[in-house]
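The structure appears right after this line, and notes come after that.
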Amino acid sequence: MDRRIVVVLLLVVLLGGALACSPGSPDPAGPATAPPATDVPQAQVDDALGRIDDVVAATMRATGVPGVAVGVVHGDRTVFTKGYGVRELGKPDPIGPGTVFQIASLSKPVSSTALAALVGKGRFGWDDPVHPHLPELVFSDPYVTEHVTFADLYAHRSGLPGLTGNRLEEIGYDRAAIFERIRYVPLDPFRATYSYSNFGMTAAGEAAARVAGTTFEDLMQQELFGPAGMTSSSARSADYRARPDRATGHIRVGGSWQIGPGRDPDAQAPAGGISSTVEDLSRWIRLQLAGGELDGTRIVAEEALAETHTPHILRTPPTGPETIGAFYGLGWNVDVDHLGYVRWSHSGAFTTGAATTAVLLPELGLGVVVLTNGSPIGAAEAIADTIVDDVVRGGPTRDWTTAWAERVAPLFQPDPELAAPPPNAAPARDLSAYVGTCSNPYYGAFTVTAEDGQLVLHEGPDGRPFPLTHWSGDSFTIIESPELGDQRSKVTFTIGPDGRATSLDVGGQPGVNVLTCTP
């Protein structure tokens, strides 16, 4: 399997929650047989809150992550918000409860809340088809085009493969251009396949905005951020960049942290483009746990919001008679956790420097949100799971920092096959054999040039350059995705009888990965 697919799928599995025995989901042996009473003693809650400083300090020492912010809700009250560390390495500005972070895929349950507000007002139904509102969204199967619903897209069950659109975004295509290209992608079985799709969900968010007669970014402000008093939240990256109290993203290179390259997720705003604070997100958690009310005001209809917390597709089946499957709602992971409670959760991750998570136990009126300004190494999840264990059980059920580090570590292991050419590598042809234009309807035109003795692949509407390193024969390796750190993937030319390239296999998205080449 292509290295890009492996790493992206690992990110989805480990941080999107699609692994039945991962932290935050049932243990292989099953959940606790009988949860305790749903009312946690206040003294136990207070003791757990008093240990958060130590929990965060220990995790920051173990991981080196530069900045962390934590919010805790219990009993319809925000009982804890605090920041730790710095907003940017090399500068003294501290993280505080009002520091704005990019929340990455934690945007998914936040945006589903705004859509639920519209559903509650009767503007559309979760089971309404999307196509009438977004006619440019065409799938390779006409039946899916006509029947795919808002719920299908927010539950990742449309059959659209999860990688669809991700590479297009990375090379500079905007939201509209990506929607136009979805029609070329072969689908998995409709409503029978869970595949975590940023741009499937983004399409539903865009369609909801069309129904409301506005942009998605304004929809979030009108239906959620404004009514809920989330004054520092936005679905525009320009707003995040303009915040004076803003956490800068960091990446870990060679065991040390440095400022990351930054990330503009506007193209996928409904799925990953929201920025917020633990103060704002604690208000959002209160709204979730109170069935759509906040401070005595109804913001989202209870039934419409409850649908987001209802399992809509099986993420991972049970692995044995003692295990429980893992499910996805509408923007939420919905599971029974290792403590025996129903758990609503979601994580977010940009390897360019953001890792976030929220964990809610509705039976206990408990919610925890953790935001960090480092690439995903499991720190946010470890802190959240430790806090939840402390509140519910009076102490951690395991060493969550170690557990999460072990699960996330595979994301950053380079493919040993591609790290260097094989010992028996065949030589490349003269570089002129590969020079030309390669295209297909999905990717558009890529240009291959020879510059100072090296092939360069120019991708996307702006011709972004990606140097190619010879691997063997007509195969080369490329570092092409900021979301995958320094991971290399392989591209392979097919050479025709005239000694010139006739096609280029760029790997990645099956069914659209081969481009036709001309000199």
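The values are calculated or read from the model by the stated rules, or taken from the named source; none is laboratory data. As the structure is a computational prediction, the values presented were derived from the model and not from experiment. Heads up, the Cβs are rebuilt from the backbone with ideal geometry, glycines too, and the neighbour counts pull from every protein chain shown. All accessible areas refer to the heavy atoms of the entire protein, side chains included, with ligands and DNA or RNA removed. Shrake-Rupley method; radii C 1.70, N 1.55, O 1.52, S 1.80 Å.
Please enumerate the residues belonging to the stretch 31-56 that are acidic (D, E) and either at pLDDT below 95 or closer than 15 Å to Y341 by Cβ (or both). First the steps, then the outcome.
Quick first cut of the stretch 31-56, residues acidic (D, E) only: 39, 46-47, 53-54.
Passing the criteria: only D39.
Does any residue of the stretch 73-84 turn out to be at pLDDT 95 or above, more than 19 Å from D385 (Cα to Cα) and out of contact with any helix residue (DSSP H, G or I) (no Cβ under 7 Å at 6 or more places or on another chain)?
For the stretch 73-84, residues at pLDDT 95 or above, more than 19 Å from D385 (Cα to Cα) and out of contact with any helix residue (DSSP H, G or I) (no Cβ under 7 Å at 6 or more places or on another chain): present.
Could you go through the stretch 428-435 and let me know if any residue there is open to solvent by less than 30 Å² (accessible area, probe 1.4 Å), of a type in the set (S, T, N, Q), more than 26 Å from I251 (Cβ to Cβ) and out of contact with any Leu (no Cβ under 6 Å at 6 or more places or on another chain). Quick ask: steps written out before the conclusion?
Here is the first cut: in the stretch 428-435, the residues open to solvent by less than 30 Å² (accessible area, probe 1.4 Å) are 433-434.
Going one step further and asking which of them are of a type in the set (S, T, N, Q), we end up with none.
So far as the stretch 428-435 goes, no, none of its residues is open to solvent by less than 30 Å² (accessible area, probe 1.4 Å), of a type in the set (S, T, N, Q), more than 26 Å from I251 (Cβ to Cβ) and out of contact with any Leu (no Cβ under 6 Å at 6 or more places or on another chain).
Looking at the stretch 283-317, which of its residues are among the β-branched types (V, I, T), closer than 19 Å to T202 by Cα and open to solvent by less than 10 Å² (accessible area, probe 1.4 Å)?
Within the stretch 283-317, the subset among the β-branched types (V, I, T) is 285, 297, 299-300, 308, 310, 313, 316.
Filter once more, keeping what is closer than 19 Å to T202 by Cα: 308, 313.
The one that is among the β-branched types (V, I, T), closer than 19 Å to T202 by Cα and open to solvent by less than 10 Å² (accessible area, probe 1.4 Å): T308.
Among what's in the stretch 239-282 and is in a helix (DSSP H, G or I) and free of Cβ contacts under 8 Å to residues at least 12 places away in the same chain, pick the residue that is surrounded by the most Cβ atoms within 10 Å (Cβ to Cβ). Before you say what the answer is, go through the steps one by one.
Step one: list which residues in the stretch 239-282 are in a helix (DSSP H, G or I), which gives 239-242, 266-272, 278-282.
Filter once more, keeping what is free of Cβ contacts under 8 Å to residues at least 12 places away in the same chain: 241-242.
Numbers: R241: 13, A242: 11.
The selected residue is R241.
For T323, are the conditions met, namely being in a loop (DSSP other than H, G, I, E, B), in contact with a Cys (Cβ under 8 Å, 6 or more places away or on another chain) and open to solvent by 10 Å² or more (accessible area, probe 1.4 Å)?
Details: in a loop (DSSP other than H, G, I, E, B): yes; in contact with a Cys (Cβ under 8 Å, 6 or more places away or on another chain): yes; open to solvent by 10 Å² or more (accessible area, probe 1.4 Å): yes.
Yes; evaluated as a whole, the condition is true for this residue.
Check off (1) open to solvent by less than 50 Å² (accessible area, probe 1.4 Å); (2) touching a residue at least 40 places away in the same chain (Cβ under 8 Å) for L361 and give me the number that stays unchecked.
Going through (1) open to solvent by less than 50 Å² (accessible area, probe 1.4 Å); (2) touching a residue at least 40 places away in the same chain (Cβ under 8 Å) one by one, L361 breaks only (2).
May I ask you to verify whether S439 is of a type in the set (S, T, Y), outside any strand (DSSP E or B) and modelled with pLDDT of 95 or more? Please lay out each step first, then the result.
Values: of a type in the set (S, T, Y): yes; outside any strand (DSSP E or B): no; modelled with pLDDT of 95 or more: yes.
Against the criterion (of a type in the set (S, T, Y), outside any strand (DSSP E or B) and modelled with pLDDT of 95 or more), S439 does not qualify.
Which residues, counting only those in the stretch 445-479, are among the small types (G, A, S), without any contact (Cβ under 8 Å) to a residue 40 or more places away in the chain and part of a strand (DSSP E or B)? Reasoning before the result, please.
Step one: of the stretch 445-479, the residues among the small types (G, A, S) are 445, 450, 453, 460, 463, 472-473, 475.
Remaining after also requiring without any contact (Cβ under 8 Å) to a residue 40 or more places away in the chain: 445, 450, 453, 463, 475.
Within the stretch 445-479, A445, A450, S475 meet the criteria.
Collect the residues in the stretch 407-424 that are assigned to a loop (DSSP other than H, G, I, E, B), open to solvent by 40 Å² or more (accessible area, probe 1.4 Å) and not charged (D, E, K, R), keeping them in residue-number order. If you could, list the steps in order and put the result at the bottom.
Taking the stretch 407-424 first, the residues assigned to a loop (DSSP other than H, G, I, E, B) are 413-424.
Subset that is open to solvent by 40 Å² or more (accessible area, probe 1.4 Å): 413-414, 416-417, 419-421, 423-424.
Once the filter is applied, which keeps residues that are assigned to a loop (DSSP other than H, G, I, E, B), open to solvent by 40 Å² or more (accessible area, probe 1.4 Å) and not charged (D, E, K, R), the stretch 407-424 yields Q413, P414, P416, A419, A420, P421, P423, N424.
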